[in-house]
Amino acid sequence: MSAPGRLPDAPGAALVVIPALNEEGKIGRVVRKVSREPVKTVLVVDDGSRDATAREAREAGATVISHPVNRGVGAAIRTGIDFALENGYEIVIVVSGDDQHEPAEIPRVLSALADPAVHLVQGSRRLPGGRTEAMPVMRFLLVRVYSWLLRRLSGFPYTDGTNGFRAFKVSLLHDGRIDLWQPWLDTYELEPYLLFKAATCGFGVREVPVTIRYANGDPAQWTKMKPFRDWWRIARPLVFLALGLRR
């Protein structure tokens, strides 16, 4: 599927997209926090959850779209983007459904995006003013190594390439060099693909400091990534794009 060729007329309405998989007990809290911020709609994309994620999100006030089966976080974010395109939103903000991010920092992200020269804002826990709580050692190392690789290959000085808190102008997606609707971007590939493309296609990118909280350092509570398999999934867009193997 391709993005529509024209952005519908609309005010600068912001849509928050929250991809979620089995986040019962967390998703309602996230939705309520986000709903207090200056956004028009909170959309939870339930990616085939086997628990009450969808019901809890609706009860908290979110609009919910459910995938009948688990398709991957990239596919879930893309479903949210499709919703934004179909309904005339001009800004998409992505936050996690597991309560890692601090929705009270959304105004900071939107403020940076208000600059006409900025098209994508990436959250960074490593900038001054950013903060990390209970970060596991392995994740610390992964963030450092991956961000170094992203900097080298994209040419933009990203400090936190694995942070899922970001916002972008929907108009960015009307550039023919950016195609988020490729099937190979269904899992963890879509987000690094977007970061790489935004930087290398000449769009304005800015990082802002944000907070990330890990649940007492327990991986079972804050990540669904599988070592090695999913690490490769977040790395391969950079490798493939830098070598010209994908577009």
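Before moving on, here are some points about what is shown:
- The range 64-140 shape via C-alpha gyration tensor axes, a/c threshold 1.5: oblate
- Residue-wise HN-Hα couplings along the range 59-68, as the Karplus relation 6.51 cos²θ - 1.76 cosθ + 1.60 with θ = phi - 60° gives them from phi, are 5, 7, x, 7, 7, 10, 10, 10, 7, x Hz; Gly and Pro carry x.
- Distance between modelled label sites at Ala104 and Leu127, nm, 7 Å Cα→Cβ extension: 1.9
- Amide H contacts of Glu207: Gln122, each under 5 Å away and 5 or more positions distant or on a separate chain (H built 1.01 Å from N in the peptide plane; Pro and chain starts excluded).
- Sequence-distant residues sharing a close amide H with Arg246 (under 5 Å, placed H): Leu241
- For Arg125, the residues whose amide H sits under 5 Å from its own are Val210, ignoring neighbours fewer than 5 places away on the same chain, with H placed 1.01 Å from N.
- Sorting Tyr193, Tyr89, Tyr146 from the fewest to the most surrounding beta carbons within 10 angstrom yields Tyr146, Tyr193, Tyr89.
- Nitroxide proxy distance, nm - points 7 Å out along Cα→Cβ at Arg229 and Glu86: 3.0
- Along the range 25-31 the Karplus relation, 6.51 cos²θ - 1.76 cosθ + 1.60 evaluated at θ = phi - 60°, assigns HN-Hα couplings of x, 10, 5, x, 5, 5, 4 Hz to successive residues, with x for each Gly and Pro.
- Entry note, the chain: relative contact order of 23 percent, from Cα contacts under 8 Å with a spacing of 6+ residues.
- Distribution of pairwise C-alpha distances over the range 1-140, 5 Å bins, in %: 2, 10, 19, 21, 20, 16, 10, 3, 1, 0
- Only lysines eight or more places from Lys226 in sequence, or on another chain, were considered; those with a Cα closer than 28 Å are Lys26, Lys197.
- Antiparallel DSSP beta bridges within the chain, as percent of all bridges there, nearest 5: 25
- Rounded to whole Hz, the Karplus (6.51, -1.76, 1.60) HN-Hα couplings of the range 116-130, x for glycine and proline: x, 7, 9, 10, 9, 10, 10, x, 9, 7, 9, 6, x, x, x
- Stokes-Einstein D in µm²/s, Kirkwood radius over Cα pairs - the range 14-243 at 4 °C with 1.567 mPa s viscosity: 74
Quick note: the coordinates plus some simple rules give every number you see, no bench work behind them. Because the structure is predicted, anything quoted here is derived from the model rather than measured. Note that each Cβ is placed from the backbone with ideal geometry, even for glycine, and that neighbours are counted across all protein chains shown.
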